1. What longest range of the chain stays clear of loop-exposed trypsin sites (Lys or Arg not before Pro) (DSSP non-H/G/I/E/B, at most 16 other C-beta within 10 angstrom)?
2. What number comes out for the charge environment of Gly51, summing +1 per Lys or Arg and -1 per Asp or Glu over other residues with Cβ under 15 Å away?
3. Evaluate the relative contact order of region 34-170 (contact order divided by residue number), counting alpha-carbon pairs under 8 angstrom at least 6 apart; express in whole percent.
4. Label region 152-242 by shape, choosing from rounded, prolate and oblate, from the square roots a ≥ b ≥ c of the eigenvalues of the Cα gyration tensor; if a/c is under 1.5 it is rounded, and otherwise prolate applies when a/b is larger than b/c, oblate when it is not.
5. What percent does the relative contact order of region 170-242 come to when contacts are Cα pairs within less than 8 Å and at least six residues apart?
6. Averaged per residue, what accessible area in Å² does the chain show with a 1.4 Å probe, protein chains only?
7. What is the percent carbon and sulfur in the accessible area of the chain, measuring with a 1.4 Å probe over the protein chains and ignoring ligands?
8. Using the Cβ atoms and a cut-off under 15 Å, what net charge is assigned to the surroundings of Gly228, where Lys and Arg are +1 and Asp and Glu are -1?
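The values are calculated or read from the model by the stated rules, or taken from the named source; none is laboratory data. Being a predicted model, the structure only gives us computed values, none of them experimental. Positions of Cβ are backbone-derived with ideal geometry, glycine not excepted, and every protein chain shown enters the neighbour counts. Ligands, DNA and RNA are stripped out before the accessible areas are found, and what is left, the full protein with its side chains, is counted by its heavy atoms. Shrake-Rupley method; radii C 1.70, N 1.55, O 1.52, S 1.80 Å.
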Amino acid sequence: MNRQQLRALLDDVGAGNITPEAAHAQLFQVLSQQPLDDLRQGFPEVVFGQGKTPGQIAAIALRLVRAGHSLLVTRTTGEAHAAVAQELPDAQFHELARCITLDLGTTPKGRGTILIAAAGTADLPVAEEAAVTAALMGNTVDRLYDVGVAGLHRLLREHSRLTAARVIIVVAGMEGALPSVVGGLVDVPVVAVPTSVGYGASFGGLTALLAMLNSCATGISVVNIDNGFGAAALASTINHLD
């Protein structure tokens with residue numbers, strides 16, 4: 001059962017076409033056979049690959065795909081992909097993003113474009129994790145890279161792309177100023193992602209994290225350090241809202 005089917009079931013209850021008891025029984029049967037994430041968040045369970053062996057990742061991936069769900073493995077390796085590909089030959093490895101995906105085409109499409117703005121080349125692994133995740137979750141993705149505040153002119157000349165997006169993910173390390181700049185230029189939600197890029201006083205991304213949390217620009221939410229997946233999941237939820 002996907003999000004649309006769940007909504008239709010609730011509409012039937014409201015219209016009196018089915019009793020609440022019958023709807024509860026039907027929903028309980030579905031939940032016993034599929035991950036709850038599908039219904040709560042519009043996307044099935046995601047596999048965090050770090051700390052798992054290639055064999056473990058392959059076994060989990062096979063179970064998910066056999067249940068009819070698209071596959072996303074984050075923070076993983078080429079060795080894990082080789083193991084997954086033995087069971088699922090169509091699975092793709094995104095080296096820069098460190099992700100494995102297999103799109104079964106079952107995810108509802110988002111309403112607009114998610115733009116991903118990255119400050120510098122060192123931020124691209126996190127930005128690409130966000131891009132791969134957002135695309136697999138059914139969203140149109142626009143990439144805008146190398147637009148950090150040290151070269152602000154490169155960001156300003158792309159103002160039309162910023163304003164065309166429905167949600168913007170901003171990925172930056174160092175002093176973490178880019179989300180505040182973007183937030184002051186647009187009227188859409190901005191999801192800020194601090195990265196662990198920087199010299200000693202960046203404290204592994206803590207400086208960027210605190211700067212983003214203290215932004216004076218409105219409409220900015222902040223996820224954990226290097227959490228491109230989390231940013232994309234939030235942006236996708238926003239982009240699927242009516």
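1. The longest uninterrupted stretch comes out as 1-108.
2. Working: positive: Lys52, Arg75, Arg98; negative: Glu79.
Once all neighbours under 15 Å are counted, the net charge is +2.
3. Working: 234 pairs, mean separation 27.4, N = 137.
About 20 percent, as a whole number.
4. oblate
5. Result for region 170-242 is 33 percent.
6. Per-residue value: 49 Å².
7. 55
8. In short, -2.
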